[in-house]
Amino acid sequence: MFFFIGGIQPKTVLVDKQPRSCPACGHVGVYQKRVDHYVSLFFIPLFPVKRGTPFLMCEKCNTILDEHGARMDFEQTRGENRCPSCGRTVGRDFVFCPYCGKAL
């Protein structure tokens, strides 16, 4: 019997290696990244299928910014309740983010 394991998986790629400073925490470790989707075979990405939009992400506090350095508003763009600091999905009844501890 033969099994074929494949599909499409996301992969975060580094677009620009020039570090920038984070407006939230001041750490100089904000890099421009992009989430591309790859066709994979046995969990090994083979070739890109779709390129994502570039964004900036802080390595220390995980703040996600758009290309111009402004914080991305996930609640308007995706219709989900997300933390403005770390970008993770949180419940609507939370006052503080359970992942990073910042006020919502």
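The values are calculated or read from the model by the stated rules, or taken from the named source; none is laboratory data. Note that the structure is a prediction, hence the values are computed from the model and not measured. Backbone-built Cβ (ideal geometry, glycine too); neighbour counts: all protein chains shown.
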L56 touching a residue at least 40 places away in the same chain (Cβ under 8 Å) and under 16 Å from the mean Cα position of the chain (by Cα): no
Scanning region 70-93 for residues that are over 16 Å from A103 (Cβ atoms) and at pLDDT 75 or above gives A70, T89
Quick check on my filter: what residues within region 19-42 are in contact with a Lys or Arg (Cβ under 8 Å, 6 or more places away or on another chain), hydroxyl-bearing (S, T, Y) and over 29 Å from G101 (Cα atoms)? Y38
